[in-house]
Structures are given as structure tokens and as C-alpha cells.
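Everything on this sheet refers to the single structure shown next.
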Amino acid sequence: MTAPTALEVNEAPLGLSRVVVPTAVGAVTSYAGRRAGGPAVVMLHGAAARWTTWTPLLAAADRSTHPLTDVVLIDLPGWGDSGVRAPSLEHLSAAIVDVVRALGYDRWRLVGHSLGGFVALDIAARHPEETLAVGLVSASGGGVLDVLRRPFHGGLRLPGFAGMLLAMRVLHGLGRASDPLLRFLRNVGLLRAFAAPLFRHPNEVDRSVSDALADEIRPVAFLRAARAARTYDDRRWRRIRCAVRSVAGERDVFSPPSDDAWFARRIRDFSAVRLPDAGHYAGVERADEVLTALADVIAPTAAPALRAAARS
């Protein structure tokens, strides 16, 4: 296994700038740069994460000599430095589009991890003309929705997510008392153990990754996103006109292999790749392979070279 790349927490070394954009739900923070005159490559992290989730993928592209350009990494409302709360998925998607347009882009390619993949599909359905392609990394799909809509049946099928959902509800119920509890769990190393099922090789994951997860455990934001997903009408995805490419780990505890067929029934141009020896954070554990799998989405002009390099 290739050692995972540590998360970069400073934007300047990556050629990015921090930009705070006012939106209808409040100020949303983004990290953007590497302008080359193309459409934006908008990267949306998952729950309990922030923009730094994508830095291993940026590093993988830089190592390939085909750096990603026109990138926009957004802290979703409720996480990172975007402390505002979007009241619905529609408002969340609208806020993201507001940010991208404020940065001067009128077309975009979307890449989303976990919850961010779900949001990317919603944006693509609401803005089919402006969305050129969608890349999904371990996107939330049928398995997660089954847990939200049929807790007992879904929990048996996807116990990892059911356990995470229960933990978030307990933390939310504790209110302010959850903060010192989380600090204690982090100090004694139990939060790292809590996050272990998300990775195929948790002991080989850089400490910066588990620390980032610990910092972004925000029960209110997590449960709000879960409620929005539970009532979401995924039939709207039939409006998506662009290609949707998906990649996930074979050992993903939140995105089971059955999700691939579930997405394919709802999206006209969909294909999926499963990476061996990777978990829910395939973009961290196997950044080079994820880059290759999604090359047509995030770096179409470099895609042939990236695939040739992967075969060599």
C-alpha cells in the first residue's frame, strides 16, 4: 500500500487563496486558485471534514506533472470555517453555486466525497447546463438512505453508518457537555479508534487525517444533513445531463458495492470503479488511483497521460 499523504492545512503552498463569499445562508469559506481559464473544478468534502480532505488528491496530481487547475475547495456550511447553517439541501446547493459564480466561473466540474457527492448530484440536477461532469468518491447513496428511512433494516445492512448516526444523536443530546467529552476522547486516542472503520489500514493513516476528523465532529450539522437526505427525492437526478463517474473502496463501510447499481438506475450516464485495499476515505488512502479513475472529470485534457502512467 502506498503511504497516504498527510493533509495540508495551509492554502498558500498549494497555490490557493482563502476567499469568504456572502451567500443567502451566510458567509461561506472557499480556497481557490491555480487559474488557467477553464471551468472550475469544485471539490465538496463529506460530513465531519473540510477542504483539507482534498489536499492528497491535489498532491497526487502535482506528482503526476499534470496539476489540477481552476480548483475551488469549499468548506460546506456547518463545517470548517463556514459556520453558517443551510436550512435545506436546496439552500446548501444554492450557496455553493453562489460561491463558484462569485469567483468568476459560469461552468464547473463537480467532485464530491461522501455527503459532498450527494450534494454534487443535486447541483448537477439543478444546473444541468452549467455542470460539465461529476466525480463521486465514496458518495452517500442507497445504503445510507436506507439507514435514514428504515433504521432497523438499513442498520443491519450498513451497521457502520448506523453506528455513526447513533453516536451523533448521543453527542447532540449531551449538548455543551459533548465538547469536553470529545476533547477527552481525542486526548486519550479513542477518537482515532472511533474513526478507524473508515479506513482500510487505519494504523497507516497520517495523524493529520484523524485529527481533522476529530476537529470536525459536529453533531448538529451532521444530523441536519441526515434529515435533508432522508426526505430527498432522488428522482430529480434524471435531469443530470453530464457524465457521472464514481470511485469507492471495496472496504467502504458507508458505500457498499450495491450502491453502484442503485446510482446507475437513477443516473443516465453513470459508471463506477471499486478500488481494492481502500475504505471510505479512498481519496486519502489511494489518492493516485482516485485521480486516475476520475481523470475524465477533473482533468480531461490530461486523462490519457494519467491513465498511461497508471498502467506503466
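The values are calculated or read from the model by the stated rules, or taken from the named source; none is laboratory data. This structure is a prediction, so every number in the text was calculated from the model and none was measured. Neighbour counts are summed over all protein chains in view; Cβ atoms, including those assigned to glycine, are modelled from backbone coordinates with ideal geometry. Accessible surface is based on the protein model in full, side chains and every heavy atom, while ligands, DNA and RNA are left aside. Shrake-Rupley method; radii C 1.70, N 1.55, O 1.52, S 1.80 Å.
At-a-glance table
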{"quantity": "Sum of -39500 (n - 2.57) over DSSP H runs of 4+, divided by residues of the chain (222 nm, nearest 500)", "calculated": "-12000 deg cm²/dmol"}
{"quantity": "Relative contact order %, the chain, counting alpha carbon pairs below 8 Å whose residues are six or more apart", "calculated": "21 percent"}
{"quantity": "Whole-number accessible area per residue in Å² for the chain, which is evaluated in the context of all protein chains at 1.4 Å", "calculated": "42 Å²"}
{"quantity": "Average Cα contact separation per residue, the range 145-227, under 8 Å, 6 or more apart, as relative contact order %", "calculated": "30 percent"}
{"quantity": "Whether the range 143-203 is rounded, prolate or oblate, judged on the alpha carbon gyration tensor where a/c under 1.5 counts as rounded", "calculated": "oblate"}
{"quantity": "Cα convex hull volume per residue for the chain (Å³)", "calculated": "121 Å³"}
{"quantity": "Cβ-Cβ FRET estimate between A243 and V170, R0 fixed at 25 Å, reported to 0.05", "calculated": "0.05"}
{"quantity": "Label-point separation, A6 to A308 (7 Å along Cα→Cβ), nm", "calculated": "3.5 nm"}
{"quantity": "Antiparallel bridges, percent of DSSP beta bridges restricted to the chain (to nearest 5)", "calculated": "30 percent"}
{"quantity": "Label point distance in nm, N203-T301, each placed 7 Å from Cα along Cα→Cβ", "calculated": "4.5 nm"}
{"quantity": "Most to least accessible of T131, T301 (protein chains only, probe 1.4 Å)", "calculated": "T301, T131"}
{"quantity": "Alpha-carbon Rg/Rh ratio, for the range 247-312, with Rh computed the Kirkwood way", "calculated": "0.99"}
{"quantity": "Computed E for R235/R157 - FRET, C-beta separation, R0 25 angstrom, nearest 0.05", "calculated": "0.70"}
{"quantity": "Relative intensity, log₁₀ I(q)/I(0), of the range 1-66 from a Debye sum that treats every alpha carbon as a point, q = 0.19, 0.25, 0.28 Å⁻¹", "calculated": "-0.88, -1.37, -1.52"}
{"quantity": "Over 12 Å [Cα-Cα, the range 72-122], rounded percent", "calculated": "65 percent"}
